[in-house]
Structure formats: C-alpha cells, structure tokens
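Some notes on the structure that comes next.
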Amino acid sequence: MPYTTFAAIDVGSNEVSMKIYEVSKKYGIKELDYVRHTIELGSEAYTNGKISHTTVNELCQVLQSFTSKMKEYQVEDYTACATSALREAINKLLILDQIKLTSKLKVSILSNSEQRFLLYKAVALKEQHFNQIIEHGTAIVDVGAGSIQISLFNKGSLITTQNIKLGSLRIREILSTMEAQTINFNNLLEEYITNDLQIFKDFFLSDINLRNIIAIGDNLNDLLRFKNYLEQENTQKLQSDKNDSLDRSGFHSLYTKLLSKNLSQISNCLQISKEQASLLIPTAMIYYKMFEETKASTMWIPGVSLSDGLVVDYAQKKQKVNLTHDFTLDIINASKNIARRYHCNLPHMENVEHIALALFDGLTKLHGLNNRDRLLLQIAVILHNCGKYINLNASALNSYQIILSTEIIGLSHTERELIAYLVRFNSGNYPEYDDLNNSFNKDTYIKISKLSAIFRLANAMDKSHKQKFTNISVTYRDNHLVITGTTLEDTTLERGLFEKKAEFFEEVYGIRPQLKLRRS
C-alpha cells in the first residue's frame, strides 16, 4: 500500500486523546480523525499519589472505544503513551495491566525528556522556519498539566532544557484550597508561578538575548480559540503577523481580556467545562510571565500535540519523512553544555570522545551495537568528569549521581541510567551482573560491558590529559586488533594504563588489543 494508517494515543493528565493519520512517503502525514475525552488522571495522581479504581475503569472504557474506532479506519500500526499522571501514580503497573486486558492496547509511560523531545519533533516538522527561528535566542515553552519544560536554543543549537513542576492542573490542585481565602486568586497564582521562573531567568537567561517563544502544551488550542472568539466579537484581529503568532502587545491584550472574564464566561464562550476553563488562566499566566521576564518580542503557536510528535517519530523511523533539524546534535550539545557547567576539561573530553568513537566505528563487526549505542557512549564520555566539580576523590560516583539527577532531552530514564553506570564503572573493578541488584536485564549488562571496555581504552590513551595521540586508526583482521596513533610524545603512562585496560577488553571481546605508535 502507498500509505499506512497509524493511530497515536495520548493518555494525558487532563484528557485521553487519539489521532488517526495516513502516513506516506509521497504525501507525508495527513490527519484523518481526532477524538478526545476529558478525564483528570492528574488531579488524583498529583493530590493522592494514585489513581482510583473508578477513574481507571473509566479510562479503560475510553480506550476500548478507541480500539473500536481504530478498527473502523483499519489502523495498521499504533503507538500509545502515557505521561506525568501515570508516571507519578504508585499504582501505574496495575493500571497498565488493566488497560492491556480490557482494550488489548500496550501503553508505554514516557519519561519527561522523551515526551518533550517528541513534541519538539512535531514543532520542527510543522514550523517551516524552525531552523531560522532558533538561530536567534528562542525558548520552547511547553506547558503541560503536570509541569512546564523550558528549552533554550541559540545559534541553531540547544543550550539547556529545564523542567519545572508548574503545570496548569498541578497548580490548580495545589492552590484550590486557598481560593476561598483570598479575594484575588489571580494574584495568588502569579506569586506562586513567579518565583521559579525568576530562578530560571537568573540561572540561564543572563547570557541569551531571547527573541522568540515557541508555545506548545495542553491548553493552547483553547487559548487560540479564545483569541479567535475575541477577533470575531470585536471584528478586528489582535496584533499578530499571522494566525500562529502573537507579538508582545498582542499577547498582553489577549491575557488582559482573559483575566477580565470569570470561569463561567470562559466556559460559555469556548463551550468547554469549567474544569477545563480553570486550566486556561494558569497556562496563559505562565506565558505572560515568560514575556515579562524576558525581552522576547514574538510568540509562535504551532498548535501541535503529543500525538503529532508520536506520528512524526513513527514516520521518521519508517523513513516516510525527513526532518531538516538534527535532533541528535541537540542531545550532544545539551550534554556538552552540562559538561561546561561543571567545568570539565574540554580538550581531554573531546580527545577521549574522538578516540572512543573511532574505536566504536572500527569494531562494528566485533561489538554488534547500533548508532543509538554509539550516542550513549559519546554522552558518557562527555560527562565522565563532571563529578570532579564536587569532589576529586569520588569523581566517578559523583558523576553518576549528577547524570541520574540531570534531565537530558531526548533520552529515556533507562538510557540515562545506562550512561551513569558507564561513567561510574569507567575505573576500578567492573561489577558482576548479580551485584547490580537487577537494575538491568542481562542483555543490557552485556551492552554496558562492551561500551565500558571501549571507554576504558579511550580514556587510558589520554590519561595525562595532554592529547598525545592523533590520527587514530583501528585495524581488526584475522582475530588481531591493532590501535595505532601518531605521536612524538613520551607515552609511557598511556601505554602502561592501556595494557591494564586491555585485560578487561579481552575479557569482554575475547581478543586483546595492541597499541602501536606511529612516529612522525
């Protein structure tokens, strides 16, 4: 068939939705249908830490109706994902099992970084000028029900990404008990939101001239509908260059008009429930404060959802669409910015990175790993010395803790954990599988071992941090592995440590590497 019918299901914190698409190489992605059902999973998860049996039953019924809709469209493939509500619910495994039994759907729980990364892919595909926009200071501000994610781009690359638990539904649940105690609830909202955004500004915005805000999130469609409602009511448009953007004064005017209406009025004009209307004000307030705390002049609203990100990711993997933006480079750049934050030795990091990747590429037939594994090795090398910023005597353990505590956009929690273990066991005795307390399955343990053997050799070749070797070449022939590097330096230290690390490499790969010097 020239096209594939694909369903993307988003089990969100405030609603469950499904979009059905046609995906083809010739015509790209075409949306066929969009169904949604409001169910506040996050309201229970954020307040009680678990989701009730009644709500789970409702969720299962909704997903059963989705499977019927999928049969109508003869859907050939699907992806079903859950976000922060299930991620934070202590009974999530039981819920996933009930979903599978009742609807036959396999739902996976996305880590926060995976969720946001998918949304960025959707933005890049929809916004034709994405690469041009991020050449100048740009913040992608993703306001979800449970948290907001702010990712800063400048000169075409990702600078940093930070998650703040200021989601619209979470804010509403936390402050709901205080609403009756104040005559101006909006002032209370603003005070609650401002502090964390001010801290973010102080830490990350001092060196960036922010021009653009790209707004994505759960309630933006309702905000756009409110904008359209005002334009029809006043028979004039708010100040904007086109339908998917607003300048500073245009957004301020929109925000002021939103605050002037009560929940009943918002609910009536948008034909939504009061519960949904109550989420619109904290969402708009977060974007308003971003304008206030920065010099941004334009807000872009591409109108994408997580479902759009899921279909873009699917189409990209099936080679049905090509994204012009290099998201893998974003992951690498974000990791290098973390290394700079902890004052890592950049020349050493870059040299070990070069050697490790040369070894990985030269040993493809020997290790059987893929490009994603190569990326994980690269990030481990980039971050392996960040723990020295805290304590020189326990740098590997400190680096391990930093990596586990630092969100890296585009990586799952499992991948981040794998990187942390690679860094932690870069030196010293390598642990047995049983010593890891079932942190990984046996296949993942073997993968870590293979990557660690390469990492240890590469690190040994720059132990002095003087970058003595250049022009690294790897030759694997007739069960002999020779690593050759050009140098005129005294490499006694490096050669001695290489021999020690070669023992572990031989244990993993069954072959002992030799280091040869090319004198020129």
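The values are calculated or read from the model by the stated rules, or taken from the named source; none is laboratory data. Fair warning: this is a prediction, and the values are worked out from it, not measured in the lab. In this analysis, Cβ positions are derived from the backbone assuming ideal geometry, glycine residues included, and neighbour counts consider all displayed protein chains. Ligands, DNA and RNA are stripped out before the accessible areas are found, and what is left, the full protein with its side chains, is counted by its heavy atoms. Shrake-Rupley method; radii C 1.70, N 1.55, O 1.52, S 1.80 Å.
So that you can scan it fast, the table gives a plain yes or no per residue for (1) within 21 Å of N345 (Cα to Cα); (2) not aromatic (F, W, Y):
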{"position": "I408", "(1), (2)": "yes, yes"}
{"position": "E415", "(1), (2)": "no, yes"}
{"position": "I419", "(1), (2)": "yes, yes"}
{"position": "F425", "(1), (2)": "yes, no"}
{"position": "L436", "(1), (2)": "no, yes"}
{"position": "K447", "(1), (2)": "no, yes"}
{"position": "D478", "(1), (2)": "no, yes"}
{"position": "E494", "(1), (2)": "yes, yes"}
{"position": "E507", "(1), (2)": "no, yes"}
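When Y73 is tested against (1) modelled with pLDDT of 95 or more; (2) more than 17 Å from the chain's Cα centre (by Cα); (3) more than 20 Å from I29 (Cβ to Cβ), exactly one condition is not met: (3). From the set of residues in region 11-23 that are among the aliphatic types (A, V, I, L, M) and under 23 Å from the mean Cα position of the chain (by Cα), which is surrounded by the most Cβ atoms within 10 Å (Cβ to Cβ)? Only one residue fits best here, namely V11. For region 24-54, a residue qualifies if it is open to solvent by 90 Å² or more (accessible area, probe 1.4 Å) and farther than 17 Å from K126 by Cα, and the qualifying residues are R36, N48, K50, H53, T54. Of everything listed in (1) in contact with a Gly (Cβ under 9 Å, 6 or more places away or on another chain); (2) assigned to a strand (DSSP E or B), the single unmet condition for Y34 is (1). Considering (1) closer than 27 Å to A396 by Cα; (2) in a strand (DSSP E or B); (3) within 35 Å of the chain's Cα centre (by Cα), the lone condition that V474 does not fulfil carries the number (1).
Of all the residues in region 329-361, those that are outside any loop (DSSP other than H, G, I, E, B) and open to solvent by less than 30 Å² (accessible area, probe 1.4 Å) number 18. From the list L422, L451, the one residue that fits, being touching a residue at least 60 places away in the same chain (Cβ under 8 Å), closer than 17 Å to H384 by Cα, open to solvent by less than 20 Å² (accessible area, probe 1.4 Å) and within 33 Å of the chain's Cα centre (by Cα), is L451.
Residues in region 300-329 that are among the acidic types (D, E) and modelled with pLDDT of 90 or more: D308, D313. Restricting attention to region 128-146 and to residues that are touching a strand residue (DSSP E or B) at 6+ places or on another chain (Cβ under 7 Å) and either among the small types (G, A, S) or open to solvent by 10 Å² or more (accessible area, probe 1.4 Å) (or both), the residue that is modelled with the lowest pLDDT turns out to be G144.
Checking Q149, Q74, Q115 one by one, the residue that is surrounded by fewer than 16 Cβ atoms within 10 Å (Cβ to Cβ) and polar (S, T, N, Q) is Q74 and no other.
Every residue, every condition in (1) closer than 13 Å to A284 by Cα; (2) modelled with pLDDT of 90 or more; (3) open to solvent by less than 10 Å² (accessible area, probe 1.4 Å), yes or no:
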site: L197; (1), (2), (3): no, no, yes
site: L205; (1), (2), (3): no, no, no
site: R211; (1), (2), (3): no, yes, no
site: A215; (1), (2), (3): yes, yes, yes
site: N221; (1), (2), (3): yes, no, no
site: K227; (1), (2), (3): yes, no, yes
site: Q232; (1), (2), (3): no, no, no
site: Q236; (1), (2), (3): no, no, no
site: N243; (1), (2), (3): no, no, no
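Reported count of residues in region 99-142, each being farther than 22 Å from F153 by Cβ and touching a His at 6+ places or on another chain (Cβ under 8 Å), is 0.
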